[in-house]
1. Any idea how many residues of the range 431-464 are touching a Ser or Thr at 6+ places or on another chain (Cβ under 6 Å) and over 27 Å from N95 (Cα atoms)?
2. Taking only pairs six or more apart or across chains, which ones have beta-carbon atoms under 7 Å, a first residue in the range 251-275 that is among the hydroxyl-bearing types (S, T, Y), and a second residue that is part of a strand (DSSP E or B)?
3. Taking G339 as the residue in question, decide whether it is more than 28 Å from E153 (Cβ to Cβ), small (G, A, S), surrounded by fewer than 20 Cβ atoms within 10 Å (Cβ to Cβ) and assigned by TED's automatic domain parsing to the domain that holds L421.
4. Among E411, E376, which is the only one that is touching a Pro at 6+ places or on another chain (Cβ under 8 Å) and either basic (K, R) or in contact (Cβ under 8 Å) with a residue 24 or more places away in the chain (or both)?
5. Identify, from the list I148, I144, the residue that is within 26 Å of R378 (Cα to Cα) and surrounded by 24 or more Cβ atoms within 10 Å (Cβ to Cβ).
6. Here are some residues: F301, F366. Which one is surrounded by 21 or more Cβ atoms within 10 Å (Cβ to Cβ), of a type outside the set (V, I, T), out of contact with any Gly (no Cβ under 8 Å at 6 or more places or on another chain) and farther than 23 Å from S154 by Cα?
7. Among the strands (runs of 3 or more DSSP E) confined wholly to the range 331-440, which include 2 or more residues that are more than 28 Å from T222 (Cβ to Cβ) and modelled with pLDDT of 95 or more?
Amino acid sequence: MEIDWQKKAETYKKHYLLDLKDLVAIESVRDDSKKSTDAPLGPGPAEALNKYLDIAKRDGFKVKNLDNLVGYVEYGEGDETLAILAHADVMPAGNGWDTDPFTLTEKDGNVYGRGTSDDKGPGLAAYYGLKLIKELGLKLNKKIRFIIGTDEESEWTGMTHYFDVEPAPTLGFSPDAEFPLINGEKGNASFTINTAGTNGEEDRLVSFDSGLRENMVPRDATATIETSNNEELVVRFTKFLDELPVTGDVSISGDGVDLHVIGKAAHGMEPKNGINAGTYLALFLQQATRLGGDADRYINFIANRLHDDSRVYKLGLTYTDDIMGDLTMNVGVMKFQTGESGKIILNFRYPKGMDDQTILTKLETFGETEDFTVTEGRTMVPHYVSLEDPIVKTLMTVYRNQTGDHQAQPEVVGGGTYGRLMERGVAFGALFPHTTDSMHQANEFQPINDLIQALSIYAESIYELAK
């Protein structure tokens with residue numbers, strides 16, 4: 001039978017937006033300080049997971065909750081399983097919003113709110129694509145599982161749990177990136193640089209704080225400086241702001257001079273899309289203060305070795321692969337407290353031909369001269385699915401036919417999605433090439449028409465992969 005997928009998708013717009021409103025209202029940021037038996041990653045992720053499952057139960061699907069860490073919606077039967085892997089957690093909202101980040105706001109054809117682009121908007125569109133197929137009663141020969149993780153933005157605890165206790169899917173996609181299709185993802189490794197917290201005898205760095213997550217370019221940075229000439233520091237900071245692509249403010253308090261720099265947040269997979277407030281603040285402090293001890297080494301390392309260097313020339317780690325592109329580095333978190341400690345968390349996205357141990361060895365070499373230690377965090381190796389795999393060919397055909405963009409080609413990116421957990425897994429939408437990427441940023445948004453078109457594309461894609 002001939003199906004007008006876009007026309008059918010349009011009939012779901014009203015209810016889709018109502019469900020999206022409910023999901024965005026949940027501040028589903030992982031918070032281990034509030035974890036409990038019923039909410040192992042904090043209350044927000046568990047609540048968002050259960051909202052997804054409640055929506056699916058309302059619509060007549062079979063659902064299962066695995067320990068409030070991950071859950072799935074199931075439809076159909078078959079020896080093979082097609083999986084759609086989405087996530088219900090979101091990044092911290094941060095500052096700079098024009099609207100409440102946890103209230104879905106419609107304006108000029110767009111919906112604004114944390115998760116509208118990453119990943120509640122796209123994930124729900126994929127779910128509605130499955131709902132459309134179910135309500136049309138289309139015959140499939142594969143089991144479909146729509147699987148919802150709860151900490152994709154941090155450690156993937158939920159989705160890892162799924163793969164530990166459930167059979168691995170045969171193939172699938174994650175609606176957590178961009179169209180036309182992502183068939184390759186760089187490796188992903190984070191490293192924490194650790195220092196002590198001593199200061200010198202002249203100016204003193206009381207505190208330095210920038211960054212919310214390692215995979216997010218910091219929008220804000222603050223520092224408190226004790227100095228013998230507060231007024232001179234204020235004048236120099238004001239001049240610094242006038243000359244560089246950041247804004248900010250400064251005040252004098254009982255603790256010293258309080259400095260605040262405002263840059264631009266962005267997804268850590270491409271730091272060039274943001275303006276790192278933390279490294280700019282370190283650059284200013286290097287130029288305008290006379291620090292000593294660990295504080296001096298800490299600020300100098302950020303300013304000399306990390307600032308404005310996403311391709312890692314200054315650390316001697318520059319590397320490019322012809323298929324997967326450049327190695328990149330995001331300086332995601334910077335914190336220093338006098339008398340206690342300092343840390344810097346670096347997130348690297350690396351192509352095949354590079355590995356985490358090479359990066360670690362290079363950082364440790366600098367640590368020997370700069371007096372810091374390095375600890376390695378979570379690591380994921382590069383992932384690639386052949387252009388000849390039927391899942392790539394099928395999804396590309398659906399995308400091209402529905403959009404008319406017959407020049408579109410699969411891409412390799414620095415982002416990491418759940419798609420890489422499957423040998424035949426890719427990332428597929430929902431950000432269109434014509435739409436601004438606002439993931440991990442203030443005023444995150446998606447055009448409503450884009451989301452409904454994605455719903456249509458997902459519905460046909462599920463059908464074509466499983467019919």
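1. 1
2. Listed pairs, sorted by first residue: S251/D258.
3. On the way: more than 28 Å from E153 (Cβ to Cβ): yes; small (G, A, S): yes; surrounded by fewer than 20 Cβ atoms within 10 Å (Cβ to Cβ): yes; assigned by TED's automatic domain parsing to the domain that holds L421: no.
Criteria not met by G339.
4. Values: E376 fails: touching a Pro at 6+ places or on another chain (Cβ under 8 Å).
Result of the check over E411, E376: E411.
5. Values: I144 fails: within 26 Å of R378 (Cα to Cα).
Testing whether each residue is within 26 Å of R378 (Cα to Cα) and surrounded by 24 or more Cβ atoms within 10 Å (Cβ to Cβ) leaves just I148.
6. Working: F366 fails: surrounded by 21 or more Cβ atoms within 10 Å (Cβ to Cβ).
Exactly one of F301, F366 is surrounded by 21 or more Cβ atoms within 10 Å (Cβ to Cβ), of a type outside the set (V, I, T), out of contact with any Gly (no Cβ under 8 Å at 6 or more places or on another chain) and farther than 23 Å from S154 by Cα, namely F301.
7. On the way: elements: 341-350, 373-380, 411-413, 425-427.
The qualifying strands (runs of 3 or more DSSP E) are 425-427.
Here is a yes/no grid of residues against (1) outside the structural domain of E166 (by TED's automatic domain parsing); (2) of a type outside the set (S, T, N, Q); (3) in contact (Cβ under 8 Å) with a residue 60 or more places away in the chain; (4) in contact with a Lys or Arg (Cβ under 9 Å, 6 or more places away or on another chain):
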| position | (1), (2), (3), (4) |
| --- | --- |
| M396 | no, yes, yes, no |
| Y399 | no, yes, yes, no |
| T417 | no, no, yes, no |
| G425 | no, yes, yes, no |
| T436 | no, no, no, no |
| E444 | no, yes, yes, yes |
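The values are calculated or read from the model by the stated rules, or taken from the named source; none is laboratory data. Quantities reported herein were computed from a predicted structural model and do not represent experimental measurements. Positions of Cβ are generated from backbone atoms using ideal geometry, with glycine treated the same way; all protein chains shown enter the neighbour counts.
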